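One structure is given here, and the rest of the page talks about it.
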Amino acid sequence: MKIKYFILFFLSFLFLSQVAKTQNLLNIRININVQHTTIGEILHDIEKQGNFFFAYNPDNIDETKTVSLSARDIKVRDALKELFQHEATFQQVENHIIINSTPKSEAKNSFQITGYIANSSDAPLDSAIVYDPENQKLVISQKDGSFAFDFDTNDKNISLFVRLRSYKDTVIYVTPGNQRIDLRLRQRESSPIALTPIGTEDAELKLKDFENLSLVQRLVPPEAIYASSNLSTEKIMPVQLSFLPKAGTNSFVKGLRVNHASFNILAGYSKGLSGAEFGGIANIIQQEVRGFQAAGIANVVLGDVHGTQFSGIYTMDLSNVDGFQVSGVYNSLRGTISGGQISGISNIAMKTVNGAQVAGVLNVAKGKVTGVQISGVINIDHDEASGAEIAGVANISKKMATGLQLAGIYNESGEINGMQLSSLINLNRNNAKGAQITTILNKTKTLNGLQFGLVNIADTINAGFQVGLINIVKHGTYSLELSHNETFPIDINFKTGNPKLYSIINLAAENNSLGFGYGLGSNFPLNKKFAFWSDISSTSIHDSKKLTAQGLKLTMRHGLNYDLFKHLSLRGGISENYFIPKKSAEKPTGEILITSNANHIEGALQNGKNSFWSGWFLGIQISNVF
């Protein structure tokens, strides 16, 4: 039952593919309204409307015959059928439509046509393509200008199209039979200023890369690649079955075929695909793919891809992809992708990614990424990234990252407009708009947002703040406060960060106790000399001799700062203090001792009760010396 449904689906697919054929010269629509006009004049009028040329043998086509024909918006093919009363065939080759008379011989003839191709100076020309569009065969001239063409046909008229770069296209007509033909090709006229068309150099480089691929060199005849590169003509094949690209009596013309359904037992090669292709080992396409490819080992495409590619090991596309690449090991793309790359190990895109890169180990995008990169180990983007980068180890964006960078260990970006979230390090080389959140280190040049980590480093804070144990702002605030209060005769506070929110590392000492703490503070300037400030801190109290923990002191301070000199100020104010002795923390009594003793901490340790008191402080502060 499943097989029956698959066959029905596949036949439907073939039908739809046939309907979607690429338009050619014979499908151009024209208007004709002539009365008693010669065929030659009518063909000339059609040439002007379609902007192409007809080629035919005057011995077989009567140009002087007069006919009448009237039709609007008719295809060239249908107009020619009416004009010749279905007694001629029509083949498109480049910008020519070749007309041959229909009559056939009763029996096939086997013969050979040999020839010599030279320029106007009689110098031999090699690599000239001699193409028979009616029988879909071609040969290429040798270095000495010679060629040999074997025929087995019942055609009474044979047309041969001859092409060589830098020379004018030539169409010749021969009758069946062994014969030799000598041709002289005329060179194209070059303009005084020779300009290279835009994209030509890039196309030639991609073609060279395609030819140098090991898989292509092993499987594809170089003559077929040459023919496909120099003839834009294509033959639509509803179904193609192949064992190997080099197998077959005339494998050169495979570079001129566009398949709707292609079955490659081992590997296959063709000019294009508009449908579905299945390969035991590899599928190789020189031009465009529209549809679906599945290969046991590899898909290789020189032109653009519109659809989905599946391969057991790798997929390599040398142009652009509008769809998905799915491979067991890796995907490689020289152009832009709109869709996704999914692989077991790595994805590489040399230009823009619009969509997703999902890999077990590594994603690399040389151009912009708009979408998501997800990898088990690392994501690397050499340009801008908009969306999300998610990696087990690291995300590295060389330029702007807009959105989210989420990594197990490390995030890096040129600029960030969004969030960097990692377990160890976030590094941004320029402006950070948004948040950097990690456990160890955040670093940026300019901060417009939040840094949350053990160590936060910024050159400048335009807007926002840092939350961490050590906050360093190169062009911000750093100061050392030396003060005396009701509990500790020596109280040292080192402050770093932004005046609006700075961090405090606290060290306090008296005869029996030492304190180590951390806090946050904020400064509010009143005028050039005076400023109001407030801070909160948490200090762990220890025995000064044995360094055993005694409890925890929570402090809120409010005060005034007066600038004596540029880097030196006088400061003082009041405080509210709350001490939780260690024994009380282990066995809370629920009682609070409000003390007025000189040593509030010692009293709380003796009675084991939490202690609350109001205090004072006075000191000096040294700021921004370096």
How do the strands (runs of 3 or more DSSP E) wholly within the range 336-433 filter down when requiring 2 or more residues that are among the polar types (S, T, N, Q): which remain? 337-343, 346-349, 353-359, 369-375, 394-407, 410-422, 425-428
Among what's in the range 495-529 and is among the aromatic types (F, W, Y) and under 48 Å from the mean Cα position of the chain (by Cα), pick the residue that is nearest to E576 (Cα to Cα). Y518
Counted residues in the range 74-97 being under 43 Å from the mean Cα position of the chain (by Cα) and of a type in the set (D, E, K, R) come to 3
Please go through the range 532-574 and pick out each residue that is β-branched (V, I, T) and free of Cβ contacts under 8 Å to residues at least 24 places away in the same chain. I536, T548
Limited to the range 514-531, what total is found for residues that are part of a strand (DSSP E or B) and without any contact (Cβ under 8 Å) to a residue 40 or more places away in the chain? 11
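Determine whether S413 is in contact with a Leu (Cβ under 8 Å, 6 or more places away or on another chain), within 15 Å of V364 (Cα to Cα) and either buried (at least 19 other Cβ atoms within 10 Å of the Cβ) or aromatic (F, W, Y) (or both).
yes
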Selection status of N511, closer than 30 Å to G464 by Cβ and either open to solvent by 30 Å² or more (accessible area, probe 1.4 Å) or part of a strand (DSSP E or B) (or both): no
Residue count, the range 295-335, condition in a strand (DSSP E or B) and open to solvent by less than 50 Å² (accessible area, probe 1.4 Å), comes to 22
Those residues of the range 280-294 which are open to solvent by 10 Å² or more (accessible area, probe 1.4 Å) and either farther than 21 Å from L205 by Cα or part of a strand (DSSP E or B) (or both), in sequence order: G280, I281, R290, G291, F292, A294
Which one of these is open to solvent by 10 Å² or more (accessible area, probe 1.4 Å), over 30 Å from L469 (Cβ atoms) and of a type outside the set (S, T, N, Q): K445, K368? K368
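Looking at A55, is it of a type in the set (G, A, S), farther than 23 Å from P133 by Cα and either not assigned by the TED database to the domain that holds D152 or not in a strand (DSSP E or B) (or both)?
No: the conditions fail for A55.
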Only residues that are in contact with a Leu (Cβ under 8 Å, 6 or more places away or on another chain) and not charged (D, E, K, R): list them for the range 334-378, please. G335, Q341, I345, S346, N347, I348, A349, M350, S375, V377, I378
Restricted to the range 137-196, and to residues that are in contact with a helix residue (DSSP H, G or I) (Cβ under 8 Å, 6 or more places away or on another chain), open to solvent by 40 Å² or more (accessible area, probe 1.4 Å) and closer than 27 Å to I61 by Cβ, which residue is modelled with the lowest pLDDT? K137
Note on the range 202-238: residues open to solvent by 80 Å² or more (accessible area, probe 1.4 Å) and farther than 22 Å from R165 by Cβ are Q217, R218
Given the condition in contact with a helix residue (DSSP H, G or I) (Cβ under 7 Å, 6 or more places away or on another chain) and farther than 26 Å from G50 by Cβ, answer yes or no: does some residue in the range 93-101 qualify? no
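Per-residue answers, yes or no, for (1) open to solvent by 30 Å² or more (accessible area, probe 1.4 Å); (2) without any contact (Cβ under 8 Å) to a residue 60 or more places away in the chain; (3) of a type in the set (A, V, I, L, M):
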position: T38; (1), (2), (3): yes, yes, no
position: A55; (1), (2), (3): no, no, yes
position: N60; (1), (2), (3): yes, no, no
position: R77; (1), (2), (3): yes, yes, no
position: L83; (1), (2), (3): no, yes, yes
position: A118; (1), (2), (3): no, no, yes
Reported set for the range 149-163 where residues are touching an Asp or Glu at 6+ places or on another chain (Cβ under 9 Å) and either aliphatic (A, V, I, L, M) or under 13 Å from N178 (Cβ atoms) (or both) is F149, F151, I158, L160, V162
Looking at (1) assigned by the TED database to the domain that holds F54; (2) part of a strand (DSSP E or B), which is the only condition L138 fails? (1)
If you take the residues of the range 244-263 that are out of contact with any helix residue (DSSP H, G or I) (no Cβ under 8 Å at 6 or more places or on another chain) and modelled with pLDDT of 90 or more, which of them is most open to solvent (accessible area, probe 1.4 Å)? F263
Select from the range 83-123 the residues that are over 19 Å from P133 (Cα atoms) and among the charged types (D, E, K, R) and write down the one among them that is modelled with the lowest pLDDT. E106
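The values are calculated or read from the model by the stated rules, or taken from the named source; none is laboratory data. Small disclaimer: the values here were computed from a predicted structure and weren't measured. Don't worry about glycine lacking a Cβ; one is built from the backbone with ideal geometry, like all the others, and counts go over all protein chains shown. Note: accessible area is taken over every heavy atom of the protein model, side chains too, but ligands, DNA and RNA are not part of it. Shrake-Rupley method; radii C 1.70, N 1.55, O 1.52, S 1.80 Å.
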